[in-house]
Amino acid sequence: MTDAIVAEGLVKRYGDVTALDGVDIRVAEGSVMALLGPNGAGKTTTVRIFTTLLVPDEGRATVAGLNVVEDARVLRSKIGASGQYAAVDEYLTGYENLDMVGRLYHLGAKASRGRARELLEQFDLVEAGDRPVKGYSGGMRRRLDLAGALVARPQVLFLDEPTTGLDPRARLGLWDVIEDLVAQGTTLLLTTQYMEEAERLADQIAVVDRGTVIARGTSDELKARVGGERIELSVQDVGDLDAVSTELSSLAVGEIRIQENIRRITVPVDGGTDALVTALGRLSDRGIAVFDVGLRRPTMDDVFLTLTGHQVELEDGQ
Ligand code: ATP
């Protein structure tokens with residue numbers, strides 16, 4: 001299978017800040033890649049290079065076989081992109097926004113109008129279509145923005161944090177729409193800070209931290225790297241956390257995590273429910289009161305913590 005999106009050794013600096021420090025990515029045609037990482041990891045910079053909005057300082061990138069620098073003009077007509085902040089005109093209606101995009105792509109008046117109506121239908125915006133966008137909800141704006149990226153039926157699509165800021169219901173709705181697109185054969189690269197989003201939508205995940213890809217694979221492969229399941233246990237009395245940690249340390253196959261503020265301890269284990277039964281037996285023998293307990297598969301948060309040795313950091317150092 002050919003690769004629709006390729007990056008080799010991308011480096012991008014903004015003055016003293018090295019935003020990308022040698023990014024390598026390959027996305028097979030018709031597949032979905034998620035770039036997963038916290039704020040400031042370099043996700044947007046990578047997407048801006050692929051979509052010809054930025055020129056890399058080093059390295060090369062191609063999309064649909066076209067070089068993002070040398071073939072930028074031709075490439076722009078072949079890709080669709082939707083950014084973090086919905087790029088729609090507030091004062092135009094949904095229909096007018098889509099029609100305008102069609103004209104910008106030189107589809108012609110008739111085809112632009114037809115495509116606009118078709119997309120409004122596909123994105124469940126028919127009723128709102130003739131109202132100005134300034135009255136739209138966040139979810140409706142995102143859907144309209146995504147519709148705008150699809151006007152020219154691109155084979156390769158870039159979505160930068162498509163569901164950031166949306167409520168859970170709107171997020172689920174957008175995931176359905178994205179899955180439908182992918183089922184039709186579109187190659188998709190999306191960026192996200194949400195572990196479950198990457199898991200749900202992507203065939204391959206690249207974990208990005210401080211301008212480099214620190215791990216890649218399917219969500220199952222990434223999870224396999226951080227061990228088996230987690231016992232997650234809350235105690236009644238915060239003073240019991242250390243005793244629980246001691247009692248369960250022989251069951252742990254990785255680092256035990258203690259969160260005092262929510263009286264919770266997380267223990268990576270092998271052996272699933274057997275390990276859980278053993279753990280509860282030991283705590284009961286010690287007379288430790290357990291408030292809540294569960295066994296769960298590792299999340300991408302766990303993956304990030306294990307791979308980077310630090311929790312997801314916000315850019316302002318929080
Ligand atoms: P976010 O989710 O916040 O967009 P990100 O992973 O997409 O995060 P980038 O926006 O690519 O990260 O930023 C990578 C690094 O480059 C950050 O440290 C950021 O502050 C810096 N950066 C990005 N754009 C510029 C710019 N125009 N000038 C200076 N520094 C920049």
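A short reminder: the numbers here are calculations on the coordinates, not readings from a lab. Here the structure is a predicted model, which is why all the values come from computation and not from measurement. No Cβ is skipped: glycine too gets one built from the backbone with ideal geometry, and neighbour counts run over all protein chains shown.
Below are the figures for this structure:
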quantity: Theoretical gain in end-to-end length, S284 to Q122 [0.36 nm per residue, Cα-Cα removed]; calculated: 52.7 nm
quantity: Under 20 Å from the A111 label point (7 Å along Cα→beta-carbon), backbone N, the range 66-84; calculated: 73-81
quantity: Sequence-distant residues sharing a close amide H with R264 (under 5 Å, placed H); calculated: Q259
quantity: FRET efficiency, V253 to R131 (Cβ-Cβ, R0 41 Å, nearest 0.05); calculated: 0.15
quantity: Hits among lysines - C-alpha to C-alpha of K78 under 22 Å, sequence gap 8 or more where chains match; calculated: K43, K110
quantity: Prolate/oblate/rounded call for the chain, Cα gyration tensor, a/c under 1.5 rounded; calculated: prolate
quantity: Per-pair calculated FRET efficiency, R0 = 25 Å: V55 and L104 via Cβ, rounded to 0.05; calculated: 0.65
quantity: Cα→Cβ-extended label distance, 7 Å offset, between W175 and D242, nm; calculated: 4.1 nm
quantity: For G228, residues with placed amide H under 5 Å, excluding near neighbours; calculated: V269
quantity: Residues whose placed amide H lies under 5 Å from that of A81, excluding near-sequence neighbours; calculated: F158
quantity: Extended-chain gain in nm, criterion 0.36 nm per residue less alpha-carbon gap, D167 and T2; calculated: 55.8 nm
quantity: Hits among aspartates and glutamates - C-alpha to C-alpha of K12 under 12 Å, sequence gap 8 or more where chains match; calculated: D21, D57, E58
quantity: Nearest-0.05 FRET efficiency for R210 and E70, computed from C-beta distance (R0 30 Å); calculated: 0.55
